[in-house]
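Scroll down for the structure; my scribbles are underneath it.
We did not get these values from a lab; they are worked out from the coordinates using the rules stated. Given the structure is predicted, the values throughout are model-derived calculations rather than measurements. Don't worry about glycine lacking a Cβ; one is built from the backbone with ideal geometry, like all the others, and counts go over all protein chains shown.
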Amino acid sequence: MNLKTFVRDIPDFPSEGVVFRDITPLLKDPEAIKYTEIALLRLLGNVKIDKVVGMESRGFFFAPMLAANLNAGFVPVRKAGKLPFTTVRQDYELEYGTDALEMHADAIRKGDKVLIHDDVLATGGTANATCRLIEKMGGEIIQCNFLLELDYLKGRDRLMDYDVKSLLHF
């Protein structure tokens, strides 16, 4: 199955000059969803995973499915102020200013083997901050995997210390 046929280009979204890669056509097709799930699992190989961390918000589409298949827990990473329990925070730099990500303080235990998943690897800022957050909690990052990677934005460069895999490259 050619998954690229399920990715729609939206020019000038969210701002002029940006081409947004929309995966909602993939999400409408049950065969494409199942194919994607299996392909993402194959990127990982036969490795024991304790937690699958999904990044807000589109990382939440496949990360719970991956967790269920891996007999692992699912951990959401969200923007600051969105989680109801005690959290651990990681600030990170944006092009203009800073932002922060949080996860529940009891989400990762020391030594947990972690798979990080998101739909898109763009600049790598959010993924890098998520990696630092997991390491702060004592987790061991086994892999960062993505549905698609925007190669021209060089996000992989910010994740040089990690095993990074993507199904699709643009």
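Observations, loosely collected:
- When ILE49, ILE33 are checked against the criterion of being β-branched (Val, Ile, Thr), over 15 Å from ASN145 (Cβ atoms) and not in a strand (DSSP E or B), a single residue qualifies: ILE33.
- One residue stands out among those in segment 42-94 that are exposed (fewer than 13 other Cβ atoms within 10 Å of the Cβ) and among the acidic types (Asp, Glu): the one that is nearest to LEU133 (Cα to Cα), which is ASP91.
- Within segment 22-41, the set of residues being in contact with a strand residue (DSSP E or B) (Cβ under 6 Å, 6 or more places away or on another chain) and either surrounded by fewer than 12 Cβ atoms within 10 Å (Cβ to Cβ) or not hydrophobic (A, V, I, L, M, F, W, C) (or both) comprises ASP22, PRO25.
- Within segment 1-32, being within 18 Å of the chain's Cα centre (by Cα) and either closer than 30 Å to GLU135 by Cα or of a type in the set (D, E, K, R) (or both) holds for ARG21, ASP22, ILE23.
- Only one of ALA32, ALA67 that is in contact with a Leu (Cβ under 6 Å, 6 or more places away or on another chain) and small (Gly, Ala, Ser): ALA32
- Filtering segment 8-18 for residues that are closer than 23 Å to HIS169 by Cα and touching a Pro at 6+ places or on another chain (Cβ under 6 Å) leaves a non-empty set.
- Of all residues making up segment 84-123, the number that are part of a strand (DSSP E or B) and either within 23 Å of ALA67 (Cβ to Cβ) or out of contact with any Ser or Thr (no Cβ under 7 Å at 6 or more places or on another chain) (or both): 23
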